[in-house]
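Written below as structure tokens is the structure these notes are about.
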């Protein structure tokens, strides 16, 4: 009789532990989902998508910011983004490196690691390399549309955009 009671207590404890675990995981996923910061006023227009027959090993190194990115590129995507005045991308990262070329207007890029939230302006005719593995946001703080062409260099299964929570370093 005592063995049967112990067996039932053990089964009940295991079931309760499983319910608690599932509840905690569900809550964590909900918090992660609700803390994402989607963009506004940004219209993407895919221009070209290319899947490479063989992966290309890409390595980028910039001395000034000391970032290093290595990836096996299997997918290239060229996307035109039009950002209306006041529009923004929201906090995010990418699945691989991205070349961004500003065709018109001025794009202001903010880095989540910058506690002063001092953006960097990229006017028409400028370009920058985003290593893809850091959280950032870009905004149109001007009075005309910003047009940006972005070339995404993605590994197999890499995402163009990965939502990230607001780092809390900027007032917007």
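The values are calculated or read from the model by the stated rules, or taken from the named source; none is laboratory data. Here the structure is a predicted model, which is why all the values come from computation and not from measurement. Don't worry about glycine lacking a Cβ; one is built from the backbone with ideal geometry, like all the others, and counts go over all protein chains shown.
One table, with the values for the structure above:
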{"item": "Those residues of the range 149-169 which are touching a strand residue (DSSP E or B) at 6+ places or on another chain (Cβ under 6 Å) and either part of a loop (DSSP other than H, G, I, E, B) or closer than 21 Å to residue 60 by Cα (or both), in sequence order", "result": "149, 150, 151, 152, 153, 154, 155, 156, 160, 161, 162, 164"}
{"item": "Among the residues listed as 72, 45, 141, the single one being in the same structural domain as residue 159 (by TED's automatic domain parsing) and either in contact (Cβ under 8 Å) with a residue 60 or more places away in the chain or closer than 16 Å to residue 154 by Cα (or both)", "result": "72"}
{"item": "Criterion violated by residue 82 - all others in (1) crowded, with 16+ Cβ neighbours inside 10 Å; (2) modelled with pLDDT of 95 or more; (3) not in a strand (DSSP E or B) satisfied", "result": "(3)"}
{"item": "Filtered residues of the range 29-76 (kept if in a helix (DSSP H, G or I) and either modelled with pLDDT of 95 or more or in contact with a helix residue (DSSP H, G or I) (Cβ under 8 Å, 6 or more places away or on another chain) (or both))", "result": "none"}
{"item": "Considering residues of the range 100-117 that are farther than 14 Å from residue 87 by Cα and part of a strand (DSSP E or B) only, the residue modelled with the lowest pLDDT", "result": "111"}
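Residues checked against (1) under 16 Å from residue 170 (Cα atoms); (2) touching a helix residue (DSSP H, G or I) at 6+ places or on another chain (Cβ under 8 Å); (3) surrounded by 15 or more Cβ atoms within 10 Å (Cβ to Cβ); (4) assigned by TED's automatic domain parsing to the domain that holds residue 55:
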residue: 96; (1), (2), (3), (4): no, no, yes, yes
residue: 101; (1), (2), (3), (4): no, no, yes, yes
residue: 120; (1), (2), (3), (4): yes, no, no, yes
residue: 130; (1), (2), (3), (4): no, no, yes, yes
residue: 136; (1), (2), (3), (4): yes, no, yes, yes
residue: 145; (1), (2), (3), (4): no, no, yes, yes
